[in-house]
Ligand SMILES: C[S@@+](CC[C@H](N)C(=O)[O-])C[C@H]1O[C@@H](n2cnc3c(N)ncnc32)[C@H](O)[C@@H]1O
């Protein structure tokens, strides 16, 4: 005979709940209880700041595990890595010396990467494809407020995008997704197209990349490929 607990778990699983969601729910209620306890006492300025920082990170974790189902965190590439990537793309733009230079950020998140590239290479057209709603809307908001004319964002799965006219691609995903996307890019990109990945390699049919190690302050790797 099936117990009420087993029936409850079966129903939750059928509704799409994963085991990790129960942990997230427990963490969420623990966080609410902690905040209620903290805020019901006296709250100094320093304590308020600490609670605000904690809340930011807790809400980000909840967001990643609940709404962001792309299985890739929405965290951005580091500041210095973004600068280096923009520098590499600027050099490629100069070397190719063509009027219609297209850059693609596969999974553009909140758009930090796209904005730095668009600023470094104003003559380039930068496209950011992002599936998750919240970072996509944030990127659109920043574009509007900062008045960028050479960036476009689309809420779209990058696997559905035709990459044949792209001159440079930037990627910061997880290992599996990077490899899968690498296959698609190998088939679609024109000869000479530049691909820069953060942390994970394309593998498959791609030749060995030029690896750039960054110490900023943690050790990170950029991989540079040429189709
Ligand atoms: C780690 S963030 C990188 C953000 C930005 N490119 C950067 O380097 O700062 C990866 C982003 O890719 C998005 N993403 C994952 N799979 C995607 C897909 N198939 N199509 C579009 N966006 C996707 C995630 O939602 C996430 O915002």
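Where a number appears in this text, it was derived from the coordinates with a stated rule and is not lab data. Since we're looking at a predicted model, the values are computed, not measured. Note that we place each Cβ from the backbone using ideal geometry, even for glycine, and neighbour counts take in every protein chain shown.
Worth pointing out:
- Volume in Å³ per residue [convex hull over Cα atoms, computed for region 4-66]: 76
- Considering only 166, 43, 103, the mean-square fluctuation computed in a Gaussian network model of the chain, springs between alpha carbons under 10 angstrom, is largest for 43.
- Compared with the dominant Cα axis of the chain, that is its longest principal axis, helix 45-66 is turned about 70°.
- Modelled FRET efficiency - R0 45 Å, residue 19 with residue 83, Cβ distances, 0.05 increments: 0.65
- Reference-scaled alpha-carbon Rg (2.2 N^0.38 Å with N residues) for region 131-225: 1.20
- Ranked list, fewest to most other Cβ atoms within 10 Å of each Cβ, for 169, 126: 169, 126
- Once the Cα gyration tensor of the chain is diagonalised, semi-axes √(5λ) in Å: 38, 24, 16
- Ellipsoid fit via the Cα gyration tensor, region 31-164: semi-axes of 37, 17, 12 Å, each the root of five times an eigenvalue, largest first.
- For the chain, built as a Gaussian network whose Cα springs stay under 10 Å, the top-fluctuating residue of 101, 57, 186: 57
- Helix 4-14 vs. the chain, principal-axis angle (Cα, 0 to 90°, nearest 10): 20
- For the chain, DSSP calls about 40 percent of its internal beta bridges antiparallel.
- Angle between the chain longest axis and helix 133-146 axis [Cα atoms, degrees, rounded to 10]: 60
- Ranking of 45, 29 by count of other Cβ atoms within 10 Å, fewest first: 45, 29
- Per the Debye calculation on region 1-106 with a single equal scatterer at every Cα and no solvent contribution, log₁₀ I(q)/I(0) for q = 0.09, 0.10, 0.11 Å⁻¹ amounts to -0.51, -0.59, -0.67.
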